[in-house]
Amino acid sequence: MIIPKQDVNYSLYLVTDSAMLPPGKTLYDQVKAGLENGVSLVQIREKNTDTKNFVEEGLQIKKLCHQFKVPLIINDRVDVAMAIDADGIHVGQDDMPVPMVRKLLGPDKILGWSVGFSHEVEQLAKWGPDMIDYIGIGTIFPTATKKNLKKAPMGPQGCSKIITALEDSGATWCKTVAIGGLHPDCIERVIYQCNASNGKRSLDGISLVSDIMASPDAATSTVILRKIIDGTQFKFVNFQLSPSNVTAADVKKVISQVKQTRPLVQHMTNKVHQNFGANVTLALGSSPIMSDVESEVRDLAQIPNASLLINTGSIAPVTTLTTAIKAYNEFKRPIVLDPVGYSATEIRLILNDTLLTYGQFICIKGNSSEILALSGLTSSKMKGVDATSTEAVTKELLALATQTVAYKYRTYVVCTGETDFIADGTLSGKLSLSTGTDDITAKDLPCYLVENGPIPIMGDITASGCSLGSTIASLLGGLNEDGIAIDAIVGAVQLYKSAGKLASTRARGSGSFHVELIDALYQLFNENKPEEWTAKVRRL
Ligand code: 3NM
Ligand code: MG
């Protein structure tokens, strides 16, 4: 062993594949470039190499790895690992049974196992600490590298479930790496979102094949990966995720910024909301664009102060939505998700889960049924898109559901109702391997309540909830670099609720309420006196 196995650094774990080498490069070249630039662990994974070649290559690569004090792991082939005295072995669920491998290898070698499901973790825990040293959790995203993958991509959510299972089953010794479809455009988000629910741990590393093995410039690719993995801050928007007390002065500042910057708010929304949402956006000094044309999303995402609202009330093609999400994430512009009717039908559930898997959202806004369903805290299925759960839903439960969704997706969450709940799960964008959320759990997250008494007529017009999404997207889009996200989100909720109350006192029925709501938003926005708004904010 080149180093004691408890000292292994799992942070950037390169798995080889000689079938994807770029022209002119050998496996040795690619591994060397990786090691020179920060690869911390190497696995030789050769599915079609003759044993003699495998052994020769293994010896060569072992020598190379040891020059860098990096351990060498062999995939699947226990005989090869033993023959070359490798530092460890990695086996999958269908390879040689783990207890046999451990018996052959002895206690000091590193033993890794591919895990795709929580029940596999329970087995691991039963074996105890002398069996498995680390697990490769996958596949996270689709990948062309591993043929005949029997598992569906699990996304960061599935990975978090497995990390949580390790904590729940007491297998705290076992280290974790994520694998499958990991590249610079998603690795920060994967590290950020993959956490045990008790806040005590996150991934110990990222494992990958093609990003280095297939790279024409493996050195530069590794430098890029290393920099991301060593990062301490995930800046997925170009304004601030810092905490705030959200005073009237803070909200006033946000609105002044929106007036100056006149954000472009791209709506990918349902048909019923389009006209009303566009008028609400205009009332807030912003420019609406109601487009779900895939070929222009990149251009729109690059416009300064652009923001994107995705409302899944009518369902746009998934590829259009994921392309938009990727573009807005790339240009660090905010995306608000309104998961309309989440879990009301299977297709809405799958669509929204898919969107949440492929992007980092700044805010998820839903009604209590949607947020409860996303939180997983109740098993009740919603009755319809606008239905609220018939169970006794207490304020405590709604606050916890809001915090739970915020924690899961590391985002801000707004749960609407007579009281609106807003939770901040971003933890200021803090990024780190291994340490999780520093013991902070969902119930510890900052939570704000916005109250203004009942406004029953809100429920008598269409798209009133959707247009809160437009309002949040406007105010977030308008932030300058020094603007603070939570000020914009709480401010938007407070503005919308105050305007609703004001409009309800002026309206003669639901028809004029529609018009009065736009007038009230226009008035309150332009006056910009949050200290006089009727909706009040308090901290939980
Ligand atoms: N194991 P790339 S996915 C080797 O899910 C391997 O267990 C997986 O390759 C698992 O980084 C995978 O090129 C391939 O996507 C990962
Ligand atoms: Mg295998």
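The values are calculated or read from the model by the stated rules, or taken from the named source; none is laboratory data. Since the structure is predicted, the reported quantities are computational estimates derived from the model, not experimental observations. Don't worry about glycine lacking a Cβ; one is built from the backbone with ideal geometry, like all the others, and counts go over all protein chains shown.
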query: Would you say residue 237 is hydrophobic (A, V, I, L, M, F, W, C) and within 14 Å of the chain's Cα centre (by Cα)?
result: yes
task: Output the residue which, of all residues in the stretch 342-375 that are touching a Pro at 6+ places or on another chain (Cβ under 9 Å) and in a loop (DSSP other than H, G, I, E, B), is surrounded by the most Cβ atoms within 10 Å (Cβ to Cβ).
output: 362
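Say we look at the stretch 240-270 and pick out the residues that are over 30 Å from residue 436 (Cα atoms) and assigned to a loop (DSSP other than H, G, I, E, B); which of these is nearest to the chain's Cα centre (by Cα)? Can you show your working first?
Filtering the stretch 240-270 for residues over 30 Å from residue 436 (Cα atoms) gives 247-270.
Remaining after also requiring assigned to a loop (DSSP other than H, G, I, E, B): 247, 262-263, 269-270.
Details: 247: 29, 262: 28, 263: 25, 269: 21, 270: 24 Å.
Per the stated criteria, the residue is 269.
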- prompt: Which of the residues spanning the stretch 1-24 are within 16 Å of ligand 1 (Cβ to nearest atom) and more than 21 Å from residue 227 (Cβ to Cβ)?
  reply: 16, 17, 18, 19, 20, 21, 22
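Residue by residue, here is whether (1) crowded, with 24+ Cβ neighbours inside 10 Å; (2) under 17 Å from the mean Cα position of the chain (by Cα); (3) at pLDDT below 95 holds:
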{"residue": "406", "(1), (2), (3)": "yes, yes, no"}
{"residue": "411", "(1), (2), (3)": "yes, yes, no"}
{"residue": "433", "(1), (2), (3)": "no, yes, no"}
{"residue": "443", "(1), (2), (3)": "no, no, no"}
- line: All-but-one check, residue 371 against (1) at pLDDT below 95; (2) in contact with a strand residue (DSSP E or B) (Cβ under 7 Å, 6 or more places away or on another chain), failing number (1)
statement: Of the residues in the stretch 471-485, those that are crowded, with 24+ Cβ neighbours inside 10 Å, more than 15 Å from residue 517 (Cβ to Cβ) and touching a Phe, Trp or Tyr at 6+ places or on another chain (Cβ under 7 Å) number 2
query: Does the stretch 59-67 contain at least one residue that is touching a Ser or Thr at 6+ places or on another chain (Cβ under 7 Å) and either away from ligand 1 (no atom under 16 Å from the Cβ) or without any contact (Cβ under 8 Å) to a residue 24 or more places away in the chain (or both)?
result: no
Filter result (closer than 20 Å to residue 41 by Cα and part of a loop (DSSP other than H, G, I, E, B)) within the stretch 107-121: 107, 108, 109
task: With respect to residue 132, determine if the residue is over 25 Å from residue 213 (Cβ atoms), within 16 Å of ligand 2 (Cβ to nearest atom) and touching a Leu at 6+ places or on another chain (Cβ under 9 Å).
output: yes
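One line per residue, one yes/no per condition, for (1) farther than 23 Å from residue 222 by Cβ; (2) surrounded by 14 or more Cβ atoms within 10 Å (Cβ to Cβ); (3) hydroxyl-bearing (Ser, Thr, Tyr):
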| position | (1), (2), (3) |
| --- | --- |
| 4 | yes, no, no |
| 18 | no, yes, yes |
| 24 | no, no, no |
| 42 | no, yes, no |
| 54 | yes, yes, no |
| 64 | no, yes, no |
| 69 | no, no, no |
message: Here is a list: 292, 217. Which entry is under 24 Å from the mean Cα position of the chain (by Cα) and not small (Gly, Ala, Ser)?
response: 292
message: Based on this model, can you work out whether residue 147 counts as away from ligand 2 (no atom under 16 Å from the Cβ) and either free of Cβ contacts under 8 Å to residues at least 60 places away in the same chain or surrounded by fewer than 20 Cβ atoms within 10 Å (Cβ to Cβ) (or both)?
response: no
- request: Scan 313, 205 and give me the residue that is in contact with a His (Cβ under 8 Å, 6 or more places away or on another chain) and farther than 19 Å from residue 489 by Cβ.
  value: 313
field: Which numbered condition residue 179 fails, given (1) within 16 Å of ligand 2 (Cβ to nearest atom); (2) farther than 16 Å from residue 115 by Cβ; (3) of a type outside the set (Asp, Glu)
entry: (2)
task: Identify the residue in the stretch 68-85 that is without any contact (Cβ under 8 Å) to a residue 40 or more places away in the chain and within 16 Å of ligand 2 (Cβ to nearest atom) and, among all such residues, is farthest from residue 229 (Cα to Cα).
output: 79
message: Exactly one condition in (1) out of contact with any Asp or Glu (no Cβ under 6 Å at 6 or more places or on another chain); (2) charged (D, E, K, R); (3) closer than 26 Å to residue 399 by Cα is false for residue 330; which is it?
response: (3)
message: It is to be established whether one or more residues within the stretch 469-477 are outside any helix (DSSP H, G or I), at pLDDT 95 or above and more than 22 Å from the chain's Cα centre (by Cα).
response: no
- prompt: Within the stretch 41-56, can you find the residues that are in contact with a strand residue (DSSP E or B) (Cβ under 7 Å, 6 or more places away or on another chain) and either basic (Lys, Arg) or away from ligand 1 (no atom under 14 Å from the Cβ) (or both)?
  reply: 45
- prompt: Can you name the residue in the stretch 413-431 that is in a loop (DSSP other than H, G, I, E, B) and in contact with a Phe, Trp or Tyr (Cβ under 6 Å, 6 or more places away or on another chain) and, of all such residues, is surrounded by the most Cβ atoms within 10 Å (Cβ to Cβ)?
  reply: 425
query: Does any residue in the stretch 201-219 that is on the phi < 0 side of the Ramachandran plot and among the aliphatic types (A, V, I, L, M) come within less than 7 Å, Cβ to Cβ, of a residue that is within 16 Å of ligand 2 (Cβ to nearest atom) and not in a strand (DSSP E or B) six or more places away or on a different chain, and which pairs are these?
result: 209/17; 209/145; 213/16; 213/17
query: Can you name the residue in the stretch 89-118 that is more than 16 Å from ligand 1 (Cβ to nearest atom) and touching a residue at least 24 places away in the same chain (Cβ under 8 Å) and, of all such residues, is nearest to residue 169 (Cα to Cα)?
result: 99
